1. Any idea what the dipole of the chain comes to, in debye rounded to 20, about its Cα centre with Lys/Arg Cβ at +1 and Asp/Glu Cβ at -1?
2. Considering only DSSP states other than H, G, I, E and B, which trypsin sites (Lys or Arg not before Pro) in segment 6-41 qualify as loop sites with at most 15 other Cβ atoms within 10 Å?
3. When the dipole is taken about the Cα centre of segment 1-56, and only Lys, Arg (+1) and Asp, Glu (-1) are charged at their Cβ, what size is it in debye, to the nearest 20?
4. Using Cα pairs closer than 8 Å and at least 6 residues apart in sequence, work out the relative contact order for the chain, in percent.
5. Enter the angle in degrees (range 0 to 90, nearest 10) between the Cα long axis of helix 93-107 and the first principal axis of the Cα atoms of the chain, meaning the one along which they spread out most.
6. Hey, which lysines would be in cross-link range of LYS84, C-alpha to C-alpha under 22 Å, not counting anything within fewer than 8 residues on its own chain?
7. Taking only DSSP H segments of four or more residues, each worth -39500 (n - 2.57), what value at 222 nm results for the chain once the sum is divided by all its residues, to the nearest 500 deg cm²/dmol?
8. Can you give me the orientation-averaged projected area of the convex hull built on the Cα atoms of the chain, in nm²?
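Every number in this text was worked out from the coordinates using simple rules, so none of it is lab data. Keep in mind that what you see is a predicted model, and the values were worked out from it rather than measured. We place every Cβ from the backbone using ideal geometry, glycine too, and count neighbours over all the protein chains shown.
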Amino acid sequence: MSGEPSLYDKGKEVRIAVLGEAHVQRSLAARQSEFAKPLQDFTTEFCWGKVWARPELDRRSRSLVNLGFMIALHSWHELSIHTKGAIRNGVTEVEIREVVMQSMVYCGVPAGVQALKVCETAINDMIESGEHQRQLKEKV
């Protein structure tokens, strides 16, 4: 054995660092059925262990890219999760707002308006829980 962590272990480590331990533990616990577990394992191994762990882009950059993807796909639940991950990865509130503004041009104003609501709620949730301190003077 090489002493290297398994792809699953590496993925879980990265996933927890980005999304937070509580979120990852809830996701893993909720999807332990014979039907769901292979998909959960694939997500942890491939998305997090293989792609997010690559050194060519840092986690901060990957978070910015993901925000744009989630907006383009109208994946609002995932946008909320990845907004919190972006904050954990050092993306600022202003940078998140700029991603939303950029998305309005390419994804449409309605998508941008919804993204603004989702991101604002996610940021405020982190502030209220004490995980993040407000960077802007007024409530986001």
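1. 80
2. Numbers: sites: LYS10, LYS12, ARG15, ARG26, ARG31; in loops: ARG31.
Qualifying residues, ordered by number: ARG31.
3. 160
4. On the way: 135 pairs, mean separation 31.2, N = 140.
Contact order relative to length: 22 percent.
5. 80
6. LYS84 reaches LYS10, LYS12, LYS50, LYS117, LYS137, LYS139.
7. On the way: 7 runs with 91 residues, N = 140.
-20500 deg cm²/dmol, from helical runs alone.
8. Numbers: hull surface 39.1 nm².
Dividing the Cα hull surface by four gives the mean projection, 9.8 nm².
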